[in-house]
Amino acid sequence: MELFLVGAGYVGLTTAVGFAQLGHRVTVHDIDAGRIESLKAGRVPIFEPGLEEALRRELAAHRLAFTTDPTPGAAVEMAVVCVPTPIGRDGLLVTSAVEAVVARLVADLGPDRTIVVRSTLPLGGPDRLEAIGAGRAAARPAIVVNPEFMAEGRALADFAAPPRVAIGYLTPADRAGADRLAALYAPLNAPLILADARSVVLWKLASNVFLSLKIAFANELARLADATGADVTVVADGLGLDPRIGRAFLNSGPGFGGSCLPEQAAAIAVEAARCDVEAPLLSVIATANTTHQEQLVSTVERLLPAGLRKAKIAVLGLAFKANTDDVRHSPALIVARGLRARGARVVGYDPVANGTARGADPELETASTAAEAIDGSDAVVVATEWQEFASLDWPALATTMRGDLVYDTRRTLAPDVVRGAGLRYVGLGRAGVPATPR
Ligand code: UGA
(Lines give C-alpha, C1' and ligand atoms only; values in the text may rest on other atoms or scores of the structure.)
Protein backbone atom coordinates (compact mmCIF):
# COMPACT_ATOMS: atom_id res chain seq x y z
CA MET A 1 0.00 0.00 0.00
CA GLU A 2 1.09 3.60 -0.61
CA LEU A 3 1.30 5.47 2.71
CA PHE A 4 1.94 9.13 3.51
CA LEU A 5 3.18 9.76 7.04
CA VAL A 6 3.30 13.20 8.65
CA GLY A 7 5.79 13.87 11.46
CA ALA A 8 9.35 12.51 11.40
CA GLY A 9 9.76 12.30 15.19
CA TYR A 10 10.40 9.18 17.19
CA VAL A 11 6.88 7.72 16.77
CA GLY A 12 6.66 8.71 13.09
CA LEU A 13 10.03 7.29 12.09
CA THR A 14 9.52 4.02 13.95
CA THR A 15 6.04 3.63 12.46
CA ALA A 16 7.28 4.48 8.95
CA VAL A 17 10.10 1.94 9.18
CA GLY A 18 7.69 -0.62 10.69
CA PHE A 19 5.21 -0.34 7.82
CA ALA A 20 8.02 -0.27 5.23
CA GLN A 21 9.36 -3.51 6.72
CA LEU A 22 5.90 -5.00 6.14
CA GLY A 23 6.37 -4.25 2.43
CA HIS A 24 4.48 -0.95 2.10
CA ARG A 25 5.80 2.21 0.45
CA VAL A 26 5.96 5.06 2.94
CA THR A 27 6.63 8.72 2.15
CA VAL A 28 7.43 10.67 5.31
CA HIS A 29 6.71 14.39 5.42
CA ASP A 30 8.03 16.86 7.98
CA ILE A 31 8.18 20.66 7.98
CA ASP A 32 11.77 20.56 9.28
CA ALA A 33 13.81 20.70 6.04
CA GLY A 34 17.12 19.99 7.82
CA ARG A 35 15.69 16.85 9.41
CA ILE A 36 14.32 15.65 6.06
CA GLU A 37 17.71 16.20 4.38
CA SER A 38 19.50 14.13 7.08
CA LEU A 39 16.91 11.38 6.83
CA LYS A 40 17.28 11.24 3.04
CA ALA A 41 20.99 10.62 3.70
CA GLY A 42 20.09 7.82 6.14
CA ARG A 43 20.94 9.78 9.28
CA VAL A 44 18.45 9.43 12.16
CA PRO A 45 18.43 12.43 14.52
CA ILE A 46 17.42 10.40 17.60
CA PHE A 47 19.07 7.54 19.48
CA GLU A 48 16.88 4.46 19.07
CA PRO A 49 18.60 1.06 18.90
CA GLY A 50 18.41 -0.47 15.42
CA LEU A 51 16.38 2.37 13.88
CA GLU A 52 19.09 3.92 11.72
CA GLU A 53 20.18 0.57 10.27
CA ALA A 54 16.58 -0.45 9.53
CA LEU A 55 15.81 2.95 7.98
CA ARG A 56 18.83 2.69 5.69
CA ARG A 57 17.73 -0.77 4.54
CA GLU A 58 14.22 0.50 3.72
CA LEU A 59 15.63 3.56 1.93
CA ALA A 60 17.85 1.33 -0.19
CA ALA A 61 14.86 -0.90 -0.99
CA HIS A 62 12.89 2.21 -2.11
CA ARG A 63 10.12 1.51 0.38
CA LEU A 64 10.89 4.70 2.30
CA ALA A 65 11.13 8.28 1.04
CA PHE A 66 11.26 11.70 2.72
CA THR A 67 9.75 15.00 1.61
CA THR A 68 8.99 18.52 2.78
CA ASP A 69 5.97 18.64 0.44
CA PRO A 70 2.84 18.41 2.64
CA THR A 71 0.55 17.21 -0.16
CA PRO A 72 0.11 13.46 -0.46
CA GLY A 73 0.51 12.09 -3.98
CA ALA A 74 -2.56 10.85 -5.88
CA ALA A 75 -1.59 7.21 -5.25
CA VAL A 76 -1.64 7.60 -1.45
CA GLU A 77 -4.26 5.33 0.10
CA MET A 78 -3.61 6.01 3.75
CA ALA A 79 -2.15 8.98 5.65
CA VAL A 80 -0.70 8.48 9.12
CA VAL A 81 -0.48 11.46 11.47
CA CYS A 82 2.39 11.35 14.00
CA VAL A 83 2.79 15.01 14.94
CA PRO A 84 3.35 15.93 18.60
CA THR A 85 0.60 16.73 21.11
CA PRO A 86 2.51 18.55 23.86
CA ILE A 87 1.00 19.38 27.23
CA GLY A 88 -0.64 22.79 27.32
CA ARG A 89 -0.93 25.30 30.15
CA ASP A 90 -4.26 23.79 31.17
CA GLY A 91 -2.54 20.40 31.68
CA LEU A 92 -4.23 18.76 28.67
CA LEU A 93 -2.59 17.55 25.46
CA VAL A 94 -2.67 20.24 22.77
CA THR A 95 -4.12 19.00 19.48
CA SER A 96 -3.68 22.06 17.26
CA ALA A 97 -0.91 20.48 15.14
CA VAL A 98 -2.92 17.25 14.70
CA GLU A 99 -6.05 19.22 13.81
CA ALA A 100 -4.22 21.32 11.20
CA VAL A 101 -2.72 18.23 9.53
CA VAL A 102 -6.02 16.31 9.59
CA ALA A 103 -7.90 19.30 8.14
CA ARG A 104 -5.44 19.46 5.25
CA LEU A 105 -5.58 15.71 4.64
CA VAL A 106 -9.40 15.73 4.74
CA ALA A 107 -9.28 18.29 1.93
CA ASP A 108 -6.60 16.42 -0.04
CA LEU A 109 -7.75 12.79 0.14
CA GLY A 110 -10.74 11.12 -1.50
CA PRO A 111 -13.60 9.32 0.31
CA ASP A 112 -12.15 5.84 -0.11
CA ARG A 113 -8.93 6.86 1.64
CA THR A 114 -8.04 6.66 5.36
CA ILE A 115 -6.51 9.12 7.81
CA VAL A 116 -4.88 7.39 10.78
CA VAL A 117 -4.16 9.55 13.83
CA ARG A 118 -1.33 7.89 15.74
CA SER A 119 -0.47 10.93 17.90
CA THR A 120 -1.61 10.58 21.51
CA LEU A 121 -4.89 12.48 21.96
CA PRO A 122 -6.66 14.01 24.93
CA LEU A 123 -10.08 12.53 25.73
CA GLY A 124 -11.75 15.34 23.78
CA GLY A 125 -9.63 14.57 20.70
CA PRO A 126 -12.19 12.45 18.83
CA ASP A 127 -14.83 15.21 19.16
CA ARG A 128 -12.44 17.69 17.58
CA LEU A 129 -11.53 15.35 14.74
CA GLU A 130 -15.20 14.68 14.12
CA ALA A 131 -15.84 18.41 13.89
CA ILE A 132 -13.11 18.74 11.25
CA GLY A 133 -14.51 15.82 9.29
CA ALA A 134 -18.05 17.20 9.54
CA GLY A 135 -17.06 19.99 7.15
CA ARG A 136 -16.93 17.39 4.39
CA ALA A 137 -19.22 14.79 5.89
CA ALA A 138 -20.65 13.42 2.65
CA ALA A 139 -17.44 12.52 0.90
CA ARG A 140 -14.61 12.67 3.39
CA PRO A 141 -11.89 10.08 3.92
CA ALA A 142 -12.34 7.73 6.88
CA ILE A 143 -10.70 8.94 10.08
CA VAL A 144 -9.41 6.46 12.66
CA VAL A 145 -7.18 6.65 15.72
CA ASN A 146 -4.38 4.15 16.26
CA PRO A 147 -2.44 5.01 19.43
CA GLU A 148 1.04 3.61 19.72
CA PHE A 149 2.24 1.47 22.61
CA MET A 150 5.93 1.55 21.69
CA ALA A 151 8.46 2.14 24.46
CA GLU A 152 11.63 4.06 23.61
CA GLY A 153 14.71 1.89 23.41
CA ARG A 154 12.68 -1.03 22.06
CA ALA A 155 10.28 0.73 19.73
CA LEU A 156 10.95 -1.33 16.58
CA ALA A 157 10.46 -4.58 18.47
CA ASP A 158 7.25 -3.21 20.01
CA PHE A 159 5.97 -2.28 16.53
CA ALA A 160 6.83 -5.69 15.08
CA ALA A 161 5.47 -7.83 17.92
CA PRO A 162 2.71 -5.87 19.67
CA PRO A 163 0.70 -7.58 22.42
CA ARG A 164 -2.30 -5.75 20.90
CA VAL A 165 -3.18 -3.17 18.26
CA ALA A 166 -5.89 -0.61 19.02
CA ILE A 167 -7.87 0.95 16.18
CA GLY A 168 -10.70 3.38 16.89
CA TYR A 169 -13.21 4.69 14.37
CA LEU A 170 -14.74 8.13 14.86
CA THR A 171 -18.21 7.22 13.60
CA PRO A 172 -19.73 3.98 12.27
CA ALA A 173 -19.04 5.36 8.79
CA ASP A 174 -15.30 5.32 9.58
CA ARG A 175 -15.36 1.60 10.31
CA ALA A 176 -14.27 0.78 6.74
CA GLY A 177 -11.07 2.77 7.36
CA ALA A 178 -10.46 0.80 10.57
CA ASP A 179 -10.81 -2.43 8.57
CA ARG A 180 -8.32 -1.16 5.99
CA LEU A 181 -5.77 -0.36 8.73
CA ALA A 182 -6.43 -3.71 10.43
CA ALA A 183 -5.50 -5.44 7.16
CA LEU A 184 -2.10 -3.68 7.29
CA TYR A 185 -1.41 -5.02 10.79
CA ALA A 186 -2.74 -8.53 10.04
CA PRO A 187 0.71 -10.04 9.25
CA LEU A 188 1.87 -9.20 12.80
CA ASN A 189 -0.56 -11.80 14.19
CA ALA A 190 -1.44 -9.57 17.14
CA PRO A 191 -4.89 -9.19 18.69
CA LEU A 192 -6.53 -6.35 16.72
CA ILE A 193 -9.12 -4.47 18.73
CA LEU A 194 -11.47 -2.33 16.64
CA ALA A 195 -13.74 -0.10 18.72
CA ASP A 196 -15.14 3.41 18.87
CA ALA A 197 -12.44 6.09 19.00
CA ARG A 198 -13.48 7.46 22.40
CA SER A 199 -12.88 4.10 24.08
CA VAL A 200 -9.56 3.65 22.30
CA VAL A 201 -8.32 7.12 23.34
CA LEU A 202 -9.26 6.47 26.99
CA TRP A 203 -7.61 3.03 26.74
CA LYS A 204 -4.32 4.58 25.56
CA LEU A 205 -4.34 7.14 28.37
CA ALA A 206 -5.29 4.47 30.93
CA SER A 207 -2.49 2.22 29.73
CA ASN A 208 0.22 4.79 30.44
CA VAL A 209 -1.40 5.93 33.68
CA PHE A 210 -1.67 2.36 34.95
CA LEU A 211 2.04 1.84 34.27
CA SER A 212 2.74 5.08 36.21
CA LEU A 213 0.55 3.83 39.04
CA LYS A 214 2.48 0.55 39.27
CA ILE A 215 5.80 2.39 39.40
CA ALA A 216 4.57 4.91 41.97
CA PHE A 217 3.27 2.01 44.08
CA ALA A 218 6.62 0.20 43.81
CA ASN A 219 8.48 3.37 44.79
CA GLU A 220 6.44 3.86 47.94
CA LEU A 221 7.00 0.18 48.80
CA ALA A 222 10.75 0.70 48.32
CA ARG A 223 10.79 3.48 50.89
CA LEU A 224 8.66 1.37 53.21
CA ALA A 225 11.18 -1.45 52.74
CA ASP A 226 14.00 0.94 53.62
CA ALA A 227 12.20 1.99 56.77
CA THR A 228 11.49 -1.56 57.90
CA GLY A 229 14.62 -3.45 56.84
CA ALA A 230 12.85 -5.35 54.04
CA ASP A 231 14.20 -5.93 50.54
CA VAL A 232 11.90 -4.45 47.89
CA THR A 233 13.11 -6.86 45.20
CA VAL A 234 11.78 -9.80 47.20
CA VAL A 235 8.49 -7.93 47.58
CA ALA A 236 8.22 -7.03 43.88
CA ASP A 237 9.21 -10.53 42.72
CA GLY A 238 6.71 -12.04 45.14
CA LEU A 239 3.93 -9.73 44.00
CA GLY A 240 4.79 -10.43 40.39
CA LEU A 241 4.24 -14.16 40.84
CA ASP A 242 0.55 -13.43 41.25
CA PRO A 243 -0.68 -13.42 37.64
CA ARG A 244 -3.38 -10.94 38.62
CA ILE A 245 -0.65 -8.41 39.46
CA GLY A 246 2.28 -9.20 37.14
CA ARG A 247 5.96 -8.36 37.66
CA ALA A 248 6.39 -5.74 34.92
CA PHE A 249 6.72 -2.09 35.94
CA LEU A 250 7.21 -2.91 39.62
CA ASN A 251 10.87 -1.86 39.57
CA SER A 252 11.32 0.95 42.03
CA GLY A 253 13.73 3.66 40.97
CA PRO A 254 14.05 7.44 40.81
CA GLY A 255 10.47 7.88 39.58
CA PHE A 256 8.86 7.58 36.17
CA GLY A 257 10.08 9.94 33.47
CA GLY A 258 9.96 10.37 29.71
CA SER A 259 7.67 12.30 27.44
CA CYS A 260 4.62 10.16 28.14
CA LEU A 261 4.07 8.81 31.65
CA PRO A 262 4.60 11.98 33.74
CA GLU A 263 2.52 14.19 31.45
CA GLN A 264 -0.27 11.69 31.14
CA ALA A 265 -0.34 10.90 34.86
CA ALA A 266 -0.90 14.63 35.37
CA ALA A 267 -3.32 14.97 32.44
CA ILE A 268 -5.73 12.28 33.62
CA ALA A 269 -6.41 14.25 36.79
CA VAL A 270 -7.16 17.35 34.71
CA GLU A 271 -9.37 15.30 32.37
CA ALA A 272 -11.35 13.96 35.33
CA ALA A 273 -11.83 17.45 36.76
CA ARG A 274 -12.86 18.77 33.33
CA CYS A 275 -15.50 16.05 33.15
CA ASP A 276 -16.63 16.73 36.75
CA VAL A 277 -15.63 13.23 37.79
CA GLU A 278 -14.42 12.79 41.38
CA ALA A 279 -11.25 10.70 40.95
CA PRO A 280 -9.12 10.89 44.12
CA LEU A 281 -6.88 8.02 43.03
CA LEU A 282 -6.09 9.47 39.60
CA SER A 283 -5.31 12.86 41.07
CA VAL A 284 -2.39 11.70 43.25
CA ILE A 285 -0.25 9.66 40.86
CA ALA A 286 1.77 12.57 39.46
CA THR A 287 2.20 14.07 42.93
CA ALA A 288 3.36 10.72 44.32
CA ASN A 289 6.14 10.72 41.71
CA THR A 290 7.30 14.23 42.67
CA THR A 291 7.19 13.41 46.38
CA HIS A 292 9.25 10.29 45.78
CA GLN A 293 11.93 12.25 43.92
CA GLU A 294 12.11 14.84 46.73
CA GLN A 295 12.51 11.99 49.20
CA LEU A 296 15.45 10.59 47.24
CA VAL A 297 17.26 13.92 47.48
CA SER A 298 16.59 13.99 51.24
CA THR A 299 17.91 10.45 51.54
CA VAL A 300 21.22 11.38 49.90
CA GLU A 301 21.46 14.36 52.24
CA ARG A 302 20.78 12.16 55.27
CA LEU A 303 23.36 9.60 54.19
CA LEU A 304 26.14 12.18 53.88
CA PRO A 305 27.77 12.96 57.26
CA ALA A 306 28.37 16.60 56.33
CA GLY A 307 25.15 17.04 54.32
CA LEU A 308 24.86 18.31 50.76
CA ARG A 309 26.27 21.82 51.11
CA LYS A 310 29.60 21.91 49.27
CA ALA A 311 29.40 18.17 48.56
CA LYS A 312 30.36 16.94 45.11
CA ILE A 313 27.89 14.38 43.79
CA ALA A 314 28.37 12.27 40.66
CA VAL A 315 25.08 11.39 38.99
CA LEU A 316 25.48 8.34 36.75
CA GLY A 317 22.87 8.23 33.99
CA LEU A 318 21.02 11.32 32.78
CA ALA A 319 18.54 9.85 30.28
CA PHE A 320 15.06 9.08 31.62
CA LYS A 321 15.91 5.37 31.33
CA ALA A 322 18.65 3.25 29.74
CA ASN A 323 18.99 2.80 25.96
CA THR A 324 17.81 6.26 25.00
CA ASP A 325 19.25 9.77 24.83
CA ASP A 326 15.86 11.22 25.73
CA VAL A 327 15.97 13.41 28.86
CA ARG A 328 12.39 14.69 28.85
CA HIS A 329 11.13 14.66 32.47
CA SER A 330 14.22 12.63 33.29
CA PRO A 331 14.26 11.65 36.98
CA ALA A 332 18.06 11.92 36.89
CA LEU A 333 17.87 15.60 35.96
CA ILE A 334 15.14 16.26 38.54
CA VAL A 335 17.23 14.64 41.28
CA ALA A 336 20.36 16.49 40.06
CA ARG A 337 18.49 19.81 40.31
CA GLY A 338 17.22 18.88 43.78
CA LEU A 339 20.77 18.10 44.95
CA ARG A 340 22.04 21.40 43.53
CA ALA A 341 19.22 23.29 45.19
CA ARG A 342 20.53 22.03 48.54
CA GLY A 343 24.02 23.28 47.86
CA ALA A 344 25.75 20.35 46.18
CA ARG A 345 27.91 20.51 43.08
CA VAL A 346 26.63 17.87 40.69
CA VAL A 347 28.60 16.34 37.83
CA GLY A 348 26.58 14.07 35.60
CA TYR A 349 27.60 11.41 33.12
CA ASP A 350 25.58 9.45 30.60
CA PRO A 351 26.87 7.14 27.85
CA VAL A 352 24.68 8.86 25.21
CA ALA A 353 22.63 11.64 26.82
CA ASN A 354 25.26 14.18 27.99
CA GLY A 355 24.42 16.53 25.11
CA THR A 356 20.63 16.33 25.40
CA ALA A 357 20.96 16.70 29.19
CA ARG A 358 22.99 19.93 28.88
CA GLY A 359 20.45 21.16 26.33
CA ALA A 360 17.64 20.60 28.83
CA ASP A 361 19.59 21.91 31.84
CA PRO A 362 22.31 24.38 30.82
CA GLU A 363 23.53 24.61 34.43
CA LEU A 364 24.32 20.91 34.54
CA GLU A 365 28.00 19.99 34.53
CA THR A 366 28.76 16.79 32.64
CA ALA A 367 31.84 14.58 32.40
CA SER A 368 32.90 12.54 29.40
CA THR A 369 33.42 9.36 31.44
CA ALA A 370 31.96 7.90 34.62
CA ALA A 371 35.44 7.99 36.19
CA GLU A 372 35.76 11.71 35.50
CA ALA A 373 32.35 12.38 37.11
CA ILE A 374 33.24 10.28 40.16
CA ASP A 375 36.72 11.77 40.66
CA GLY A 376 36.79 13.75 43.93
CA SER A 377 33.11 13.08 44.70
CA ASP A 378 31.54 12.63 48.12
CA ALA A 379 28.82 10.41 46.73
CA VAL A 380 27.75 8.63 43.56
CA VAL A 381 24.06 8.46 42.71
CA VAL A 382 23.12 5.87 40.08
CA ALA A 383 20.02 7.27 38.38
CA THR A 384 19.74 5.29 35.13
CA GLU A 385 20.10 1.53 34.70
CA TRP A 386 22.81 1.57 32.00
CA GLN A 387 24.59 -1.78 32.08
CA GLU A 388 28.04 -0.20 31.83
CA PHE A 389 27.72 1.13 35.39
CA ALA A 390 27.64 -2.42 36.77
CA SER A 391 30.96 -3.25 35.12
CA LEU A 392 32.84 -0.14 36.25
CA ASP A 393 36.14 -0.74 38.07
CA TRP A 394 34.80 0.15 41.53
CA PRO A 395 38.04 -0.59 43.45
CA ALA A 396 39.92 1.87 41.19
CA LEU A 397 37.13 4.47 41.36
CA ALA A 398 36.99 4.23 45.17
CA THR A 399 40.55 5.52 45.41
CA THR A 400 39.61 8.69 43.52
CA MET A 401 36.57 9.55 45.68
CA ARG A 402 36.58 12.01 48.58
CA GLY A 403 33.68 10.28 50.30
CA ASP A 404 32.40 6.70 50.24
CA LEU A 405 28.65 6.75 49.49
CA VAL A 406 27.21 4.95 46.46
CA TYR A 407 23.43 5.38 46.31
CA ASP A 408 21.97 3.04 43.71
CA THR A 409 18.40 4.11 42.96
CA ARG A 410 18.00 1.39 40.29
CA ARG A 411 19.77 -1.49 42.10
CA THR A 412 21.95 -1.81 39.01
CA LEU A 413 25.26 -2.45 40.79
CA ALA A 414 26.43 -5.61 42.56
CA PRO A 415 26.45 -4.55 46.26
CA ASP A 416 29.27 -6.98 47.12
CA VAL A 417 31.57 -5.58 44.45
CA VAL A 418 30.97 -1.99 45.58
CA ARG A 419 31.35 -2.90 49.25
CA GLY A 420 34.43 -4.94 48.40
CA ALA A 421 35.94 -1.72 47.07
CA GLY A 422 35.53 -0.24 50.56
CA LEU A 423 32.53 1.89 49.60
CA ARG A 424 29.24 2.33 51.44
CA TYR A 425 26.64 0.81 49.10
CA VAL A 426 23.01 1.82 49.67
CA GLY A 427 20.42 0.51 47.23
CA LEU A 428 16.93 2.00 47.17
CA GLY A 429 14.63 -0.47 48.89
CA ARG A 430 17.54 -2.67 49.84
CA ALA A 431 18.07 -1.44 53.36
CA GLY A 432 17.42 -5.00 54.53
CA VAL A 433 20.98 -5.68 53.41
CA PRO A 434 23.00 -3.77 56.05
CA ALA A 435 25.38 -1.12 54.77
CA THR A 436 29.00 -1.67 55.79
CA PRO A 437 30.92 1.48 56.75
CA ARG A 438 34.24 2.05 55.02
C1 UGA B 1 5.76 4.59 27.57
C2 UGA B 1 4.96 3.29 27.50
O3 UGA B 1 5.68 2.24 28.15
C4 UGA B 1 4.68 2.89 26.05
O5 UGA B 1 3.84 1.75 26.01
C6 UGA B 1 3.98 4.06 25.36
O7 UGA B 1 3.72 3.76 24.00
C8 UGA B 1 4.84 5.30 25.44
O9 UGA B 1 5.10 5.61 26.83
C10 UGA B 1 4.11 6.44 24.77
O11 UGA B 1 2.99 6.78 25.19
O12 UGA B 1 4.61 6.91 23.74
P13 UGA B 1 8.35 5.22 27.38
O14 UGA B 1 7.96 6.63 27.65
O15 UGA B 1 9.33 4.94 26.28
O16 UGA B 1 7.05 4.34 27.02
O17 UGA B 1 8.96 4.67 28.72
P18 UGA B 1 8.74 3.40 29.69
O19 UGA B 1 9.58 2.27 29.28
O20 UGA B 1 7.30 3.14 29.89
O21 UGA B 1 9.37 4.01 31.04
C22 UGA B 1 8.82 5.18 31.63
C23 UGA B 1 9.53 5.52 32.92
O24 UGA B 1 9.22 4.59 33.94
C25 UGA B 1 11.06 5.52 32.82
O26 UGA B 1 11.56 6.62 33.54
C27 UGA B 1 11.46 4.19 33.45
O28 UGA B 1 12.76 4.18 33.98
C29 UGA B 1 10.41 4.10 34.54
N30 UGA B 1 10.17 2.72 35.01
C31 UGA B 1 9.69 1.76 34.18
C32 UGA B 1 10.42 2.42 36.35
O33 UGA B 1 10.86 3.28 37.15
N34 UGA B 1 10.15 1.16 36.80
C35 UGA B 1 9.67 0.18 35.99
O36 UGA B 1 9.43 -0.95 36.48
C37 UGA B 1 9.44 0.49 34.64
Q.
Taking the criterion of being touching a residue at least 40 places away in the same chain (Cβ under 8 Å) and of a type in the set (A, V, I, L, M, F, W, C), would at least one residue in the stretch 236-252 satisfy it?
A. no
Q) When residue 207 is evaluated against the numbered criteria (1) part of a helix (DSSP H, G or I); (2) surrounded by fewer than 20 Cβ atoms within 10 Å (Cβ to Cβ); (3) more than 12 Å from the ligand (Cβ to nearest atom), which criterion, by number, is the only one it fails? A) (3)
Q.
Let me confirm something: among 252, 259, which residue is surrounded by fewer than 24 Cβ atoms within 10 Å (Cβ to Cβ) and either part of a loop (DSSP other than H, G, I, E, B) or in contact with a Ser or Thr (Cβ under 7 Å, 6 or more places away or on another chain) (or both)?
A. 259
Q: Go through the stretch 332-346 residue by residue and tally those that are of a type in the set (Val, Ile, Thr) and in contact with a Leu (Cβ under 7 Å, 6 or more places away or on another chain).
A: 2
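Out of the stretch 303-323, which residues are basic (Lys, Arg) and either crowded, with 24+ Cβ neighbours inside 10 Å or in contact with a strand residue (DSSP E or B) (Cβ under 8 Å, 6 or more places away or on another chain) (or both)?
310, 312
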(Q) Looking only at the stretch 131-152, filter to residues that are of a type in the set (D, E, K, R) and in contact (Cβ under 8 Å) with a residue 60 or more places away in the chain; which one of those is farthest from residue 101 (Cα to Cα)? (A) 152
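Quick check, is residue 227 in a helix (DSSP H, G or I), more than 11 Å from the ligand (Cβ to nearest atom), small (Gly, Ala, Ser) and modelled with pLDDT under 95?
Considered against the rule, which asks whether it is in a helix (DSSP H, G or I), more than 11 Å from the ligand (Cβ to nearest atom), small (Gly, Ala, Ser) and modelled with pLDDT under 95, residue 227 comes out as yes.
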Q: Mind listing whichever residues of the stretch 298-323 are within 16 Å of the ligand (Cβ to nearest atom) and either part of a loop (DSSP other than H, G, I, E, B) or among the charged types (D, E, K, R) (or both)?
A: 317, 318, 319, 320, 321, 322, 323
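The values are calculated or read from the model by the stated rules, or taken from the named source; none is laboratory data. Predicted model only: the values in this text are computed from it and were never measured. So basically every Cβ, Gly included, is an ideal-geometry build from the backbone, and we count neighbours across all protein chains shown.
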